[in-house]
Ligand SMILES: [Fe+2]
Ligand SMILES: [Fe+2]
């Protein structure tokens with residue numbers, strides 16, 4: 001009998017550690033003494049990342065009226081939470097940014113998709129007024145497809161098989177993965193567990209394509225599920241073939257259709273700037 005996915009992952013020795021800067025930021029944010037100075041100190045330890053933050057801070061996305069030359073200035077202009085989110089996003093890109101070398105799978109586009117889902121998830125969290133933590137939703141959005149980066153990097157042969165199956169069946173990639181037996185949601189959840197992130201974070205990664213299976217975490221997973229659909233609809237970064245036509249608004253989310261339309265409109269407006277700023281920060 002071939003090994004199960006869980007057995008394959010347990011034997012897999014190439015699981016990357018959590019990027020150090022991201023680890024420090026998440027740890028610091030858990031402490032009550034977290035403030036701008038402590039965030040600055042963490043960023044200062046990673047000059048490449050610091051340079052990228054400044055590049056972002058000076059991008060049209062944030063519309064700074066004067067040149068931002070220091071991290072403390074960036075925090076003043078962008079705000080503490082925004083810089084913290086940028087640090088997490090950029091440190092993930094640094095660690096997982098290598099091009100996949102697989103046709104139709106630009107790592108850069110995959111990251112743009114993740115940034116789009118992160119931003120949209122944050123907007124949904126704010127709009128729903130359901131007590132979701134917008135920053136937590138941002139990080140969940142960033143991580144939701146992390147399993148895809150692992151598959152691109154370390155399971156290339158399998159990915160070729162999955163892509164072939166996708167074309168044969170004319171189905172979304174996630175469906176082809178399920179059928180093949182290598183789901184990015186499961187791979188991602190395994191990684192998030194290894195990184196010892198929260199139970200909610202793991203649920204969001206595991207169930208972002210089927211929030212109804214998430215038990216008490218269903219509403220949270222539904223935030224990511226909806227954000228993911230909206231970004232595919234808007235062709236934000238990478239998108240998969242043969243996606244369903246409409247956008248499904250999960251019942252577990254206290255959102256009206258009009259609110260979703262408003263979020264989609266807002267995302268459409270900032271799409272070009274967001275894509276450009278992140279592309280630049282990623283060095284392309
Ligand atoms: Fe996904
Ligand atoms: Fe996605």
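Can you work out which of the residues in segment 198-223 that are assigned to a helix (DSSP H, G or I), closer than 20 Å to residue 88 by Cβ and touching a residue at least 24 places away in the same chain (Cβ under 8 Å) is nearest to ligand 1 (Cβ to nearest atom)?
Of all residues in segment 198-223, those assigned to a helix (DSSP H, G or I) come to 199-207, 211-223.
Among the residues that remain, those that are also closer than 20 Å to residue 88 by Cβ are: 199-206, 220-221, 223.
Checking which are touching a residue at least 24 places away in the same chain (Cβ under 8 Å) leaves us with 200-201, 204-205, 220, 223.
Numbers: 200: 17, 201: 15, 204: 11, 205: 9, 220: 15, 223: 14 Å.
By that ranking, first place goes to 205.
For the structure I just gave you, tell me whether residue 59 is outside any helix (DSSP H, G or I) and free of Cβ contacts under 8 Å to residues at least 40 places away in the same chain.
Working: outside any helix (DSSP H, G or I): yes; free of Cβ contacts under 8 Å to residues at least 40 places away in the same chain: no.
Judged against the criteria, residue 59 is not a match.
Of the numbered conditions (1) within 16 Å of ligand 1 (Cβ to nearest atom); (2) part of a helix (DSSP H, G or I); (3) at positive phi, residue 235 fails exactly one; give the number of that condition.
Only one criterion is unmet by residue 235, namely (2).
Being more than 16 Å from ligand 2 (Cβ to nearest atom) and either assigned by TED's automatic domain parsing to the domain that holds residue 262 or within 19 Å of residue 255 (Cα to Cα) (or both) is true for just one of 105, 132. Which residue is that?
Working: 105 fails: more than 16 Å from ligand 2 (Cβ to nearest atom).
Exactly one of 105, 132 is more than 16 Å from ligand 2 (Cβ to nearest atom) and either assigned by TED's automatic domain parsing to the domain that holds residue 262 or within 19 Å of residue 255 (Cα to Cα) (or both), namely 132.
Taking residue 122 as meeting all but one of (1) more than 16 Å from ligand 1 (Cβ to nearest atom); (2) surrounded by fewer than 24 Cβ atoms within 10 Å (Cβ to Cβ); (3) more than 13 Å from residue 201 (Cα to Cα), write down the number of the exception.
(2)
Does residue 97 satisfy the criteria of being over 19 Å from residue 209 (Cα atoms), more than 14 Å from ligand 2 (Cβ to nearest atom) and either assigned by TED's automatic domain parsing to the domain that holds residue 231 or surrounded by fewer than 23 Cβ atoms within 10 Å (Cβ to Cβ) (or both)? I'd like the intermediate steps shown before the answer.
On the way: over 19 Å from residue 209 (Cα atoms): yes; more than 14 Å from ligand 2 (Cβ to nearest atom): yes; either assigned by TED's automatic domain parsing to the domain that holds residue 231 or surrounded by fewer than 23 Cβ atoms within 10 Å (Cβ to Cβ) (or both): yes.
Judged against the criteria, residue 97 is a match.
In contact with a helix residue (DSSP H, G or I) (Cβ under 9 Å, 6 or more places away or on another chain) and either touching a residue at least 60 places away in the same chain (Cβ under 8 Å) or within 16 Å of ligand 2 (Cβ to nearest atom) (or both): is that true of residue 266 in this structure?
yes
For residue 63, only one of the following conditions fails: (1) closer than 25 Å to residue 272 by Cα; (2) exposed (fewer than 10 other Cβ atoms within 10 Å of the Cβ); (3) modelled with pLDDT of 90 or more. What is its number?
Of (1) closer than 25 Å to residue 272 by Cα; (2) exposed (fewer than 10 other Cβ atoms within 10 Å of the Cβ); (3) modelled with pLDDT of 90 or more, only one is false for residue 63: (3).
Being farther than 27 Å from residue 116 by Cβ, over 20 Å from the mean Cα position of the chain (by Cα) and not in a helix (DSSP H, G or I) narrows it down to one residue among 33, 38; which is it? So that I can check it myself, show each step before the final result.
On the way: 38 fails: not in a helix (DSSP H, G or I).
Result: 33 is the single residue among 33, 38 that is farther than 27 Å from residue 116 by Cβ, over 20 Å from the mean Cα position of the chain (by Cα) and not in a helix (DSSP H, G or I).
When you go through (1) within 16 Å of ligand 1 (Cβ to nearest atom); (2) surrounded by fewer than 19 Cβ atoms within 10 Å (Cβ to Cβ) one by one for residue 103, which number turns out not to apply?
For residue 103, the failing item is (1).
Residues 195, 111: which one is in contact (Cβ under 8 Å) with a residue 60 or more places away in the chain and either surrounded by fewer than 16 Cβ atoms within 10 Å (Cβ to Cβ) or within 27 Å of residue 271 (Cβ to Cβ) (or both)? Can you show your working first?
Values: 195 fails: either surrounded by fewer than 16 Cβ atoms within 10 Å (Cβ to Cβ) or within 27 Å of residue 271 (Cβ to Cβ) (or both).
Being in contact (Cβ under 8 Å) with a residue 60 or more places away in the chain and either surrounded by fewer than 16 Cβ atoms within 10 Å (Cβ to Cβ) or within 27 Å of residue 271 (Cβ to Cβ) (or both) holds for just one of 195, 111, which is 111.
Only one of these conditions is not met by residue 164: (1) under 12 Å from the mean Cα position of the chain (by Cα); (2) within 24 Å of residue 235 (Cα to Cα); (3) surrounded by fewer than 24 Cβ atoms within 10 Å (Cβ to Cβ). Which number is it?
(1)
Looking at this structure, is residue 87 within 22 Å of residue 189 (Cβ to Cβ), buried (at least 20 other Cβ atoms within 10 Å of the Cβ), away from ligand 1 (no atom under 16 Å from the Cβ) and in contact (Cβ under 8 Å) with a residue 24 or more places away in the chain? Working first, answer last.
On the way: within 22 Å of residue 189 (Cβ to Cβ): no; buried (at least 20 other Cβ atoms within 10 Å of the Cβ): yes; away from ligand 1 (no atom under 16 Å from the Cβ): yes; in contact (Cβ under 8 Å) with a residue 24 or more places away in the chain: yes.
No; evaluated as a whole, the condition is false for this residue.
From the set of residues in segment 212-228 that are buried (at least 23 other Cβ atoms within 10 Å of the Cβ) and over 16 Å from residue 147 (Cβ atoms), which is nearest to ligand 2 (Cβ to nearest atom)?
227
State the number of residues belonging to segment 238-263 that are assigned to a helix (DSSP H, G or I) and under 14 Å from the mean Cα position of the chain (by Cα). Before you say what the answer is, go through the steps one by one.
To start, the set of residues in segment 238-263 that are assigned to a helix (DSSP H, G or I) comprises 257-263.
Remaining after also requiring under 14 Å from the mean Cα position of the chain (by Cα): none.
The number of residues fulfilling the criteria is 0.
The values are calculated or read from the model by the stated rules, or taken from the named source; none is laboratory data. Just so it is clear, the model here is predicted, and its values are computed rather than measured. Methodologically, a virtual Cβ is constructed for each residue, glycine included, from the backbone with ideal geometry; neighbour enumeration extends over all protein chains shown.
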